[in-house]
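The values are calculated or read from the model by the stated rules, or taken from the named source; none is laboratory data. Just so it is clear, the structure is predicted and the values come from calculations on it, not from any experiment. Note: ideal-geometry Cβ built from the backbone for every residue, glycine included; neighbour counts use all protein chains shown.
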Amino acid sequence: MKRHRWRIAALLADGEDLGRDMILALRSLRDSFPGIELRFNRADVSGLDFAHSLKADGLLIRGWMADAVPHGLPAVILGSHSPTRPWVASDDSAIGVLAARTLRDLGHRHLAAATFSDVSPQFVRRNESFRSAAGPAWVGLGQLDSFDACLEWLASLPSPVGVFAVNDVLASRLAQAAEYLAIDLPGQLSLIGVDDDRQMCEAFSPCRLTSIRQDVPRMVRVALTTMLALLERTPLPARTSVMPAQVVLRDSTGPPHDADLVARALALIQELSASGLTVGELATRLGTTERTLRRRFLARLGRGPLETIRTARVTAASHLLRQGLRVGTVAERVGFTDAKRLCAAFRSVHHLSPGAWRRQHAD
């Protein structure tokens with residue numbers, strides 16, 4: 001006898017990465033739920049029309065569609081809480097705690113949160129848990145609905161500060177406002193969003209945004225288990241709140257720069273350039289990224305850290321050349337791998353070979 005398969009319409013496509021990730025995760029679980037036949041469509045009214053024509057036994061939907069579902073049709077909401085229907089979503093309180101812990105571990109002593117004025121219960125839970133976890137580091141909550149509001153709020157915050165935005169859309173807007181105000185990310189402002197939306201985090205922001213990734217594979221597995229329980233009239237899963245997967249660290253977070261970053265970098269270059277110091281090693285010692293370091297150097301000095309390290313080595317080499325040391329020996333002492341690289345660097349700085357420079361500057 002052929003086993004009955006429940007026909008489920010997954011109306012999740014909304015143009016955002018989270019909806020696409022849900023669909024991909026559901027497709028990967030098809031073999032794990034042989035009793036379910038999944039069909040996919042948009043998370044809007046046209047999706048409901050599709051489900052009706054499909055004669056679906058149940059729906060997997062986003063939260064904003066809950067009120068439009070026909071009475072009596074089983075539905076599980078994915079990604080947010082619901083007072084009227086079964087739901088599966090990330091633990092919003094855990095998201096707020098994770099954001100605060102990440103920023104405090106980086107060394108931030110001032111923490112703030114950003115949300116929208118028309119706040120959802122989901123965002124309220126995230127902000128309240130972040131505020132509680134921030135403790136004495138808490139400096140305030142911004143309710144921001146416009147770019148101008150972001151500008152005004154960022155200008156009012158202490159510096160350096162760590163900011164948690166309730167989603168990546170708001171985090172991206174704050175990053176754009178910080179760029180407009182010439183606030184350095186992450187030295188003066190460390191910024192964390194939620195959802196790990198790749199467009200927002202990688203393409204639409206002036207710097208790559210750190211974000212909290214939701215555990216979508218776990219979320220959809222619990223949603224399918226909940227749907228089967230609804231259809232087969234068995235007990236629902238005891239827990240439908242899923243822990244967030246991880247913080248995806250990118251360029252928008254880092255240790256606070258209480259001291260002048262360029263000044264500290266120059267001191268380290270002076271001390272360590274002869275040891276073969278690289279830009280990556282310099283950034284690591286300063287607790288920042290290569291990208292941030294280059295941006296700060298260009299703004300302050302008009303040249304990057306690589307050129308500055310090279311110039312420091314050439315300056316040290318000049319002193320040794322005047323002492324009569326061989327070019328190969330000088331190259332080794334000031335951090336070049338060989339004489340050829342020293343000659344190339346020397347020409348780029350002095351427009352002369354080391355030998356010609358020595359003859360020109362002989363006592």
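Quick rundown of the values:
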item	result
Sole residue being free of Cβ contacts under 8 Å to residues at least 12 places away in the same chain and surrounded by fewer than 19 Cβ atoms within 10 Å (Cβ to Cβ), chosen from 333, 341	341
Of all residues making up segment 21-49, the number that are β-branched (Val, Ile, Thr) and touching a residue at least 40 places away in the same chain (Cβ under 8 Å)	1
Pick from segment 262-275, criterion in contact (Cβ under 8 Å) with a residue 60 or more places away in the chain and surrounded by 14 or more Cβ atoms within 10 Å (Cβ to Cβ), ranking: farthest from the chain's Cα centre (by Cα)	274
Unique residue being at pLDDT below 85, under 22 Å from residue 208 (Cα atoms) and not assigned by TED's automatic domain parsing to the domain that holds residue 207 when the list is 337, 315, 311, 288	288
Search result, residues across segment 132-142 that are out of contact with any Leu (no Cβ under 6 Å at 6 or more places or on another chain), part of a helix (DSSP H, G or I) and more than 20 Å from residue 212 (Cα to Cα)	135, 136
Tally of residues being within 15 Å of the chain's Cα centre (by Cα), modelled with pLDDT of 85 or more and surrounded by fewer than 18 Cβ atoms within 10 Å (Cβ to Cβ) across segment 235-256	3
Tally, over segment 10-47, of residues that are farther than 24 Å from residue 197 by Cα and small (Gly, Ala, Ser)	3
Residue that is nearest to residue 95 (Cα to Cα) [pool: residues in segment 185-224 that are charged (D, E, K, R) and surrounded by fewer than 21 Cβ atoms within 10 Å (Cβ to Cβ)]	213
Tabulated pairs, segment 73-102, first closer than 11 Å to residue 227 by Cα, second modelled with pLDDT of 90 or more and acidic (Asp, Glu), C-beta under 8 angstrom, 6+ apart or interchain	74/57
Any hit, segment 192-201, residues being under 17 Å from residue 21 (Cβ atoms), touching a residue at least 12 places away in the same chain (Cβ under 8 Å), outside the structural domain of residue 156 (by TED's automatic domain parsing) and not hydrophobic (A, V, I, L, M, F, W, C)	no
Search result, residues across segment 299-308 that are modelled with pLDDT of 85 or more, in a helix (DSSP H, G or I) and not hydroxyl-bearing (Ser, Thr, Tyr)	305, 306, 307
For residue 311: the one exception among (1) surrounded by fewer than 16 Cβ atoms within 10 Å (Cβ to Cβ); (2) within 42 Å of the chain's Cα centre (by Cα); (3) of a type in the set (Ser, Thr, Tyr); (4) assigned to a helix (DSSP H, G or I)	(1)
Exclusive hit being outside the structural domain of residue 194 (by TED's automatic domain parsing), under 21 Å from residue 214 (Cβ atoms) and either in contact with a Ser or Thr (Cβ under 7 Å, 6 or more places away or on another chain) or not acidic (Asp, Glu) (or both), set 29, 54, 48	29
Residue within segment 338-356 that is closer than 24 Å to residue 282 by Cβ, assigned to a loop (DSSP other than H, G, I, E, B) and charged (D, E, K, R) present	yes
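One line per residue, one yes/no per condition, for (1) at pLDDT 95 or above; (2) closer than 30 Å to residue 235 by Cα; (3) over 20 Å from the mean Cα position of the chain (by Cα):
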site	(1), (2), (3)
118	no, no, yes
121	no, yes, yes
138	yes, no, yes
161	no, no, no
181	no, no, yes
205	no, no, no
215	no, yes, no
